[in-house]
1. Hey, any hits in the range 191-204 for a residue that's under 25 Å from Glu299 (Cα atoms), basic (Lys, Arg) and in the same structural domain as Gly128 (by TED's automatic domain parsing)?
2. What number of residues in the range 355-378 are over 14 Å from the mean Cα position of the chain (by Cα) and either under 22 Å from Leu461 (Cβ atoms) or at pLDDT 95 or above (or both)?
3. Of everything in the range 252-282, what is over 18 Å from Phe220 (Cα atoms) and either part of a loop (DSSP other than H, G, I, E, B) or in the same structural domain as Phe82 (by TED's automatic domain parsing) (or both)? Give them in sequence order.
4. For the range 304-422, which helices (runs of 4 or more DSSP H) that fit wholly inside it have 3 or more residues that are closer than 23 Å to Pro495 by Cα?
5. With (1) touching a residue at least 60 places away in the same chain (Cβ under 8 Å); (2) farther than 24 Å from Gly462 by Cβ; (3) more than 18 Å from the chain's Cα centre (by Cα) as the list, and Ser443 as the residue in question, which single condition is left unmet?
6. Go over the candidates Gln42, Gln83, Gln107, Gln28 one by one and state the one that is out of contact with any Phe, Trp or Tyr (no Cβ under 9 Å at 6 or more places or on another chain), of a type in the set (S, T, N, Q), part of a loop (DSSP other than H, G, I, E, B) and over 23 Å from Arg3 (Cα atoms).
7. Which of the residues belonging to the range 1-25 are in a strand (DSSP E or B) and at pLDDT 95 or above?
8. Here are some residues: Arg315, Arg308. Which one is surrounded by 22 or more Cβ atoms within 10 Å (Cβ to Cβ), without any contact (Cβ under 8 Å) to a residue 60 or more places away in the chain and of a type in the set (Lys, Arg)?
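The values are calculated or read from the model by the stated rules, or taken from the named source; none is laboratory data. Worth saying up front: this structure is predicted, and the values here are computed from it rather than measured. Here the Cβ is made from the backbone with ideal geometry for all residues, glycine too, and neighbour counts use every protein chain on show.
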Amino acid sequence: MKRLYELTWGAQVLDCGMRFRLWAPAAQSVSLVLCEPGGSIQPMQRGDAGWFELEQTNAACGTRYLYEIDGGLRVPDPASRFQPDGIEGPSMVVDPRRFEWPEADFQPRPFPEAVIYELHVGTFTREGTYAAAARRLDHLAELGVDAIEIMPLSQAPGTHNWGYDGVLHYAPAHYYGTPDDLKRFIVAAHERGLAVLLDVVYNHFGPRGNYLPHYAPQFFSARLKTPWGAGIDYASPGNDPVRRYAIENACYWVVEYGFDGLRLDATPMIFDTRPVHVLDELLDEVKRTAQKPVYLIAEDVKNEIVERVRAYDGRWSDDPHDALHVLLTGDPSPYYGPFRSEPLQRMMHVLAAEGVHLVEFLQNHDQVGNRPFGDRISALAPGDALRAAIAILLLAPAVPLLFMGEEWGASTPFLFFCDFEPELAKRVTAGRRAEFSQLAEFSDPAARSRIPDPAAIRTFLGSKLQWDEIDRREHRNWLQYYRELLGLRRKYVAPFVRDAGKMEYRVLGKTGAVCSWSLGNSKALMLDANIGAAALAGLCENPRGRVIFATHGAQYHGGLAPPWSVRWTLGERPAE
């Protein structure tokens, strides 16, 4: 089976040769430069609304090319399908029809039933490639997850990056392997029943290697401010090509690569004033074009545009994480200020409001990597506390997300790292350390100097998982705990979660919670928990129904819940 998505931008395979298109409204002329022995420079024809186009019969799969702007600046294709030499090198023609896909389309589990596993390709394995990651897929299938979410793959500067500094959003990063290597990874995941999602960034471009301002400055607007620079202008008259760049990119990953869904980064920073918001247009077109079920998740960490993304399958919110983090660690940092007074109440409120559409987590790339030393929650919280939190997250009727290595209590940090040229690297390092100056422990410059340098290669290498840890007893025990809970979720929660009804709850004191969800099988899923270090009175001694999991036994003697205790019960739903 062949997969080909026709792009408005970039190099498109034709029956005979290629068609090249570039939107360059500020350019007087654009030429196609074929970077092959005996290559040529050919003027492209100027069309309407700033488009330049050329059909070229001499270009074929593997041809390297650049665009020459106004007879001088040579730039890669912003819709390049591959950059074998990185962002500064020429783009390469890719013929997607050459990859042979299995005949049968993979069907992911319905979104509410899914368990997602987030990974960064470069640090997931020692080799840091798609091929090496594929060799770990059996581990994920045996763990009990349903979907892999890959951090952004857009070509970014250097040889290692989190992915959010991407500037060529159609080109999967060359340092992980070729486009076909990525496709083989997806095929291997599908063979094991694992869906594959991709984190995509449509709110900004990275700080180096973005040439669009030179020939299409209206792509961005300085009045649309994001924490990472000028925002993308999706709304101005004449900017339909900007909208198509993002919308077609989303469709491209789903159609041409077979991704089963996308996670849209920082959606509150995607600005649009048109009657149909670009987020809505993208959602509709991806769902229509995919011709199969796909997951679309909107990151809205601080609940800024909840109504805008209601139609998305999932909403990525930090609230459950922030509440649990405070309960488990008592972290006094200003970031967690809003959660220090009633963390449990806030957590239960968002669980009740969002239900099965909420993506919940105890760890992810941000919540680990944006700490000064990249510490995981397993290094910050007592084991009993952590076990209680995990039991809540993995059995609640929301979509749980795990971060790579979490399942065995990985000892390695996940640090912020990047690979820029020296001057930019110095500014990034200084900015990173300045972020933490508000914290008392980093008020002194000498203390801040101990924060790992994002530009140092050891920071990247130190973030790689150490898979041999699984052979140690402590780590094996954690892995067994996760497998047990995920097995219970698949048996008792997943079959009915799509029809889960309203959650009802009450909070007891500062650490106790009693919750009930109606399920689609005339059953109710009930949680009794004490997320605190002291015993708590007032819970039911003997629950009504079958206890499917309990950290401290099925019975709370005298209604007294031990510290860090969690009990899940499956019972009959009360008659209405």
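1. No, the range 191-204 contains no residue that is under 25 Å from Glu299 (Cα atoms), basic (Lys, Arg) and in the same structural domain as Gly128 (by TED's automatic domain parsing).
2. So the count comes out to 10.
3. Tyr257, Gly258, Phe259, Asp260, Pro275, Val276
4. Where helices (runs of 4 or more DSSP H) fall fully within the range 304-422 and carry at least 3 residues being closer than 23 Å to Pro495 by Cα, they are 343-354, 383-395.
5. It fails just one condition, (1).
6. Of the residues listed, the single one that is out of contact with any Phe, Trp or Tyr (no Cβ under 9 Å at 6 or more places or on another chain), of a type in the set (S, T, N, Q), part of a loop (DSSP other than H, G, I, E, B) and over 23 Å from Arg3 (Cα atoms) is Gln28.
7. Listed by number, the residues that qualify are Gly10, Ala11, Arg19, Phe20, Arg21, Leu22, Trp23.
8. The conditions single out Arg315.
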